[in-house]
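Below: one structure, written as structure tokens.
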Amino acid sequence: MSSKEGLDKLRSEMRNITANIICQVQRRMELSKQIGEIKTKLNIDVMDEKVEQEVRGSILKLSKEIGMDTEFSGRLLNILLIESVRLQQKKQQYNNSQLTHLGIFMKAKQLEASGKKIIHMEVGEPDYPPPKNVKSALAQVYDSGQYHYTETKGIPKLRQAIAKKVGNSITDDQVIVTAGGRFAIFSAFISLMKSGDEVISIEPAWPAYKDCADFMGAKINILKTTLDQQWVPNIKKLEEMISANTKMIVLNYPNNPTGKILKQNDHKKIVSLAKDYGIYILSDEVYSDYAFNGFKSILEYNYDKSIMVSSFSKGHAMTGFRVGYGIADKDIITKMTKVQATILTSVAEPMQYSALAALEASPHKNIKLMKKRLDIISNKLRKMSLAFVEPDGGMYIYPQLKDDTEDDITLVKKLLDLNVAIAPGSGFGDSYRQFIRVSACQPEHVLEKGLNILEAAMFSG
Ligand SMILES: Cc1ncc(COP(=O)(O)O)c(C=O)c1O
């Protein structure tokens with residue numbers, strides 16, 4: 001057989017195999033839909049970790065037997081699993097669980113547009129203004145013509161100032177200025193993971209991590225924590241969740257929504273696990289200015305596969321400026337920069353100069369104010385006999401509703417009718433329907449009024 005004939009034969013065989021794979025995948029999807037229908041009828045959760053582990057185990061064994069790269073077979077399997085979950089969740093119509101703090105915020109905004117006055121205790125946006133010198137920086141950028149495209153990574157002056165602020169021998173080439181902390185997180189996901197890779201997130205969690213994973217076809221594995229365990233993650237379980245496809249662990253401390261800060265011992269263990277398995281740690285530290293005790297940045301561990309994310313939104317009250325940053329090894333920053341170049345070119349130059357000015361101001365006053373407000377909320381919730389963990393930092397408290405209270409969504413809808421917006425607990429994970437998140441981003445008298453309405457709504461039956 002000539003080389004040309006050999007090539008044609010191989011190509012034809014490959015075509016047939018590919019067609020077979022597609023037919024088998026289609027058959028799998030049909031079966032998955034049928035399973036989804038039965039689950040809906042029996043009111044069973046779509047996710048079943050045990051079944052998933054069994055499938056994973058058997059595919060791993062098979063891959064080894066036939067000499068297939070187990071990392072690749074794991075990714076293929078994850079793509080199939082993600083698609084099955086999507087199909088089955090579509091069937092179950094998770095209407096209520098889709099109502100996050102942002103959903104409530106949007107509803108509250110609509111009510112305001114119709115003339116109602118709403119007490120906003122759902123949103124993570126400080127009510128006080130940015131530092132005063134930001135105002136003069138904004139005026140100055142016009143006169144000095146600082147309104148052009150910049151280096152994608154951000155203007156050198158700002159990157160140098162950020163590097164100086166975070167310390168830990170970070171240099172400006174390890175810094176990327178992003179459009180909010182959110183974009184640093186998104187670009188880290190997009191640049192460091194492939195579809196079918198796995199990421200571990202600790203719940204309750206800010207929903208954007210799951211959204212980023214869903215967006216790029218990565219599989220998110222959830223390590224749940226509970227109020228009973230004081231929101232402390234079980235490190236043994238975390239290790240058990242790590243597979244050959246796990247590429248990233250997301251940490252967020254001080255945490256949104258619980259206000260928890262990881263104990264240093266646990267932090268150390270997680271970093272050590274990540275090092276052992278060569279996994280990235282994405283450490284979302286946007287609330288680090290509001291850390292009241294015992295906070296240690298991931299940067300202090302000097303781990304070359306860590307990405308620290310922070311922002312000017314919270315500590316400097318600059319949400320609308322959309323300036324955040326990522327700090328990591330130079331190669332990681334280069335990859336994140338490519339994502340930002342493709343999507344944004346750069347963060348708006350006037351906003352970068354505003355952020356530079358903000359760094360000269362201390363967020364100390366804001367921190368004191370936030371702590372005082374959180375204390376006011378804690379005291380009231382204690383009087384209402386609600387269980388919660390006293391926050392170590394952040395801008396929120398995450399109390400558990402009483403057993404006889406309706407679920408979170410029913411309660412937050414009732415509260416909206418009473419002109420108070422509060423975030424449902426399930427927006428931070430499906431298993432937190434008995435929680436709500438109270439945000440401290442309002443003046444004291446407004447918080448007190450809102451909390452009184454919450455109390456009346458909860459105890460009026
Ligand atoms: C945990 C967490 N990370 C990141 C962000 C992103 O903030 P920004 O994009 O405004 O910097 C938020 C915003 O609420 C958050 O709660």
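No lab work stands behind these numbers, since they all come straight from the coordinates. A quick note: this is a predicted structure, and the numbers were derived from the prediction, not measured. For neighbour counting, all protein chains shown are included, and Cβ atoms are generated from backbone atoms with ideal geometry for every residue, glycine included.
Got the relative contact order for the stretch 107-227 handy, in percent, Cα pairs under 8 Å and 6 or more residues apart?
Rounded, it is 14 percent for the stretch 107-227.
Using just the helices of the chain, give the 222 nm mean residue ellipticity in deg cm²/dmol: DSSP H runs with n ≥ 4 each add -39,500 (n - 2.57), and the total is spread over all residues, rounded to 500.
For the chain, the value works out to -16500 deg cm²/dmol.
Under the definition of Cα pairs under 8 Å and six or more residues apart, what whole-number percent is the relative contact order of the chain?
Once divided by the residue count of the chain, the mean separation gives 21 percent.
Using unit Cβ charges (K, R positive; D, E negative) and no other charged atoms, how large, in debye to the nearest 20, is the dipole of the chain about its Cα centre?
My answer is approximately 360 debye.
Please report the spacing between the Cα centers of the stretch 145-223 and the stretch 1-18 in Å, no decimals.
45
Give me the distance between the Cα centres of the stretch 346-367 and the stretch 388-439, rounded to whole Å.
First find each Cα centre; the distance between them is then 32 Å.
Assign unit charges at the C-beta atoms only (+1 for Lys and Arg, -1 for Asp and Glu), then state the dipole size of the stretch 122-170 relative to its Cα centre in Debye, rounded to the nearest 20.
380
How many angstrom lie between the Cα centre of the stretch 249-279 and the Cα centre of the stretch 33-54?
Between the Cα centres of the stretch 249-279 and the stretch 33-54 lies a distance of 31 Å.
Among Val175, Val85, Ile249, whose Cα sits farthest toward the positive end of the charge dipole of the chain (+1 at Cβ of Lys/Arg, -1 at Cβ of Asp/Glu, about the Cα centre)?
Val175
When averaged across all projection directions, what area in nm² does the alpha-carbon convex hull of the stretch 389-448 cover?
If you wrap the Cα atoms of the stretch 389-448 in a convex hull and average its projections, you get 4.6 nm².
Dipole magnitude of the stretch 207-270 about its Cα centre, charges +1 at Lys/Arg Cβ and -1 at Asp/Glu Cβ only, in debye to the nearest 20?
So the magnitude is around 160 debye.
Just name one of Asn379, Tyr142, Leu158: the one whose Cα is farthest towards the positive end of the charge dipole of the chain (beta-carbon charges, Lys/Arg +1, Asp/Glu -1).
So the residue we want is Tyr142.
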